[in-house]
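Report on one structure; see the data block that follows.
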Amino acid sequence: MDDPTAEFQSEEEAEGEGGTDLAHQPTQSPIPLRKSDRTSHPPLWHQDYFVGTSQSKYPMSSYMNYSQLSQQQKHYSLAVTNLQDPQTFDEAMKEEWWREAVREELRALIANHTWDIVDCPVGKKLIGNKWIFKTKLLADGAIERYKARLVAQGFTQIPGIDFLDTFSPVAKINTIKILMAVAAVKDWHLSQMDISNAFLNGDLEEEVYMKIPQGIEGMEGKACRLRKSLYGLKQASRQWYAKLTEALISFGFTQSYSDYSLFTKKNDKGIAVVLVYVDDLIFSGDNEELIQEAKDFLSRQFKVRDLGKLKYFLGLEVARSSSGISITQRKYCLDLLNDTGFLNGKPSKTPSDMKTRLSQCSDEPYKDPHQYKSLIGRLGYLTTTRPDIAFAV
């Protein structure tokens, strides 16, 4: 009977029977990896975008080129790029124009009966607040005004006590781009409007108490019992959206089911389109009279500012000519580079190293991943005008 262990005999036994020592067999050299000699070309759909793919030995800050812009657009782009707004209340208080902006905002809040000054309630948590400062520009780049806005620190609100529902739709970026494309093809009117202190129009249903904001003195031991929605509150955007939607529908606009921030009105005169992103509105359509009627109606309902032709919207710089509409995120990109310390970096042809091989990280996870998440979000938004970086992001 055959021995079932014969095939498992030792290496020495195999050598003794005339076998070959596997350890001394000549090793075969690995097949070299062949590098493709095929010339790579950008995808054809990149031709729908003006994407810079040039390479330079000079820093990005010295590489910006404004030669293709009109004189007015150049002034606006330069003004937007060079703006540096104060980041703290103490920093802003060094300049008289920011002090006046704070006083103006407080007057508007008090006139609107946004809050009542009351004694601090026992056992009630007070939410904080913060001042935000922003320089507003005209279409030609000149400074229109200095805006100070008081925002509540909604992250300190308690769910179920300080707020209930919070969801509020905003315009999708694809809807914005489609509307601009339709306006370019059909030669439609394209303008924008801003609702001043929009959230203050929303009625607050919950009982919310806030700390006395900086700029109001002599109120120790007091608190603000909020009567109106305030920027930063969890429910503020929802309350304002409900108020604006009610107004537009009452004027004959129809809300889109594909994007709840898109409203249209069509009659014998033509068509008017309103696209809403919180308190920023884009107006378009083929009949300027119908559009003006809508603007006049909103000006009677709310405090508005007609900003004229669409120039700057959600970080998108818009330039229009007889050949069409182009959008860029020049300032957004420069701000991103500056915040991450890469403003002096040199431009590259590709958004990532083609030979990079990702591997699993063995280090400990970041204790505070906020910076990484924020960077990914900002880069993701940059793909709005730079789809060539989408894969790298």
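Quick one: which of Leu248, Leu233 is under 26 Å from the mean Cα position of the chain (by Cα), of a type in the set (A, V, I, L, M) and at pLDDT below 95?
Result: Leu233 is the single residue among Leu248, Leu233 that is under 26 Å from the mean Cα position of the chain (by Cα), of a type in the set (A, V, I, L, M) and at pLDDT below 95.
Exactly one condition in (1) within 30 Å of Thr383 (Cα to Cα); (2) of a type outside the set (S, T, N, Q); (3) in contact with a strand residue (DSSP E or B) (Cβ under 9 Å, 6 or more places away or on another chain) is false for Ala223; which is it?
For Ala223, the failing item is (1).
Report yes if some residue within segment 326-348 is surrounded by fewer than 18 Cβ atoms within 10 Å (Cβ to Cβ), in a loop (DSSP other than H, G, I, E, B) and aromatic (Phe, Trp, Tyr); otherwise report no.
There is at least one residue in segment 326-348 that is surrounded by fewer than 18 Cβ atoms within 10 Å (Cβ to Cβ), in a loop (DSSP other than H, G, I, E, B) and aromatic (Phe, Trp, Tyr).
Residues in segment 303-312 that are surrounded by 19 or more Cβ atoms within 10 Å (Cβ to Cβ) and either at pLDDT 90 or above or of a type in the set (S, T, N, Q) (or both): how many?
Residues flagged as surrounded by 19 or more Cβ atoms within 10 Å (Cβ to Cβ) and either at pLDDT 90 or above or of a type in the set (S, T, N, Q) (or both) within segment 303-312 amount to 1.
Quick one: count up the residues across segment 219-229 that are over 18 Å from Asp165 (Cβ atoms) and part of a loop (DSSP other than H, G, I, E, B).
Selection size over segment 219-229: 4.
How many residues are touching a residue at least 40 places away in the same chain (Cβ under 8 Å) and either over 29 Å from the mean Cα position of the chain (by Cα) or surrounded by 17 or more Cβ atoms within 10 Å (Cβ to Cβ) (or both) if we restrict to segment 194-204?
So the count comes out to 7.
For segment 349-393, give me the residue count where each residue is among the aliphatic types (A, V, I, L, M) and loosely packed, with under 10 Cβ neighbours inside 10 Å.
Selection size over segment 349-393: 2.
Out of segment 220-234, which residues are closer than 22 Å to Ser196 by Cα, surrounded by fewer than 24 Cβ atoms within 10 Å (Cβ to Cβ) and not basic (Lys, Arg)?
Leu226, Tyr231, Gly232
Report, ordered by the first and then the second residue, all pairs with beta carbons closer than 9 Å, sequence separation of six or more or different chains, a first member in segment 104-128 that is of a type in the set (Lys, Arg), and a second member that is exposed (fewer than 13 other Cβ atoms within 10 Å of the Cβ).
Going by the 9 Å Cβ cut-off, the qualifying pairs are Lys124/Glu207; Lys125/Ile158; Lys125/Ile161.
Considering only segment 112-124, how many residues are farther than 14 Å from Ser229 by Cα and exposed (fewer than 12 other Cβ atoms within 10 Å of the Cβ)?
Number satisfying all stated conditions: 4.
Aromatic (Phe, Trp, Tyr) and in contact with an Asp or Glu (Cβ under 6 Å, 6 or more places away or on another chain), is that true of Trp240?
no
Within segment 56-146, which helices (runs of 4 or more DSSP H) (wholly inside it) include 3 or more residues that are at pLDDT 85 or above and farther than 30 Å from Gly345 by Cβ?
89-92, 96-111
The values are calculated or read from the model by the stated rules, or taken from the named source; none is laboratory data. Remember, it's a predicted structure, so these values are computed and weren't measured experimentally. Cβ: placed from backbone, ideal geometry, glycine included. Neighbour counts: every protein chain shown.
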